[in-house]
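Worksheet for the structure shown next.
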Amino acid sequence: MVRVVCYIRPHRVEQVKSAIAALGVTGMTVSDARGTGNSPEKSSWLGDEAHMVVLPIKSKIEVVVPDDMRETLIERIVENARTGEPGDGKIFVERLTDAIRVRTGERGDPAI
């Protein structure tokens, strides 16, 4: 199983959430995030010595899925998050070794 974490533009969250749900994925976490990647927004200079780093607001979506859903999920996120402009976001994929449903003790894919 894998955890897919994506950072996207906030105005694309509803579209991406709907696309993920259409795959039958019922568990996801959505939160607000601030940060910058390798194409940062323009920084502001405050005098000769102070430098302010701009950290735009993004939305973070985390989803855990079985391995066989990985590529389909990534494709759906990209299709629905992309605007074609710098700052569309990033997707990170992590391999998970286990998941445990606390209520029942189920492990692995059945727990997700």
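The values are calculated or read from the model by the stated rules, or taken from the named source; none is laboratory data. Since the structure is predicted, the reported quantities are computational estimates derived from the model, not experimental observations. Here the Cβ is made from the backbone with ideal geometry for all residues, glycine too, and neighbour counts use every protein chain on show.
For LYS60, indicate whether it is surrounded by 16 or more Cβ atoms within 10 Å (Cβ to Cβ), in contact with a strand residue (DSSP E or B) (Cβ under 9 Å, 6 or more places away or on another chain) and charged (D, E, K, R). Spell out how you get there, then give the answer.
Details: surrounded by 16 or more Cβ atoms within 10 Å (Cβ to Cβ): yes; in contact with a strand residue (DSSP E or B) (Cβ under 9 Å, 6 or more places away or on another chain): yes; charged (D, E, K, R): yes.
Spelling it out, LYS60 is indeed surrounded by 16 or more Cβ atoms within 10 Å (Cβ to Cβ), in contact with a strand residue (DSSP E or B) (Cβ under 9 Å, 6 or more places away or on another chain) and charged (D, E, K, R).
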Number of the exception - LYS42 against (1) surrounded by fewer than 16 Cβ atoms within 10 Å (Cβ to Cβ); (2) basic (Lys, Arg); (3) at pLDDT 95 or above
(3)
Restricting the range 55-72 to residues that are free of Cβ contacts under 8 Å to residues at least 60 places away in the same chain and out of contact with any Pro (no Cβ under 9 Å at 6 or more places or on another chain), the one farthest from TYR7 (Cα to Cα) turns out to be ASP68
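Of these, VAL16, VAL25, VAL2, which one is touching a residue at least 40 places away in the same chain (Cβ under 8 Å), within 24 Å of ILE100 (Cα to Cα) and in contact with a helix residue (DSSP H, G or I) (Cβ under 6 Å, 6 or more places away or on another chain)?
None of the other options fit; the residue is VAL2.
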Just one of THR104, THR83 is among the hydroxyl-bearing types (Ser, Thr, Tyr) and either surrounded by 10 or more Cβ atoms within 10 Å (Cβ to Cβ) or within 13 Å of the chain's Cα centre (by Cα) (or both); which is it?
THR83
Please find, within the range 79-112, the residue that is nearest to GLY37 (Cα to Cα) out of those that are among the polar types (S, T, N, Q) and in contact (Cβ under 8 Å) with a residue 12 or more places away in the chain.
THR83
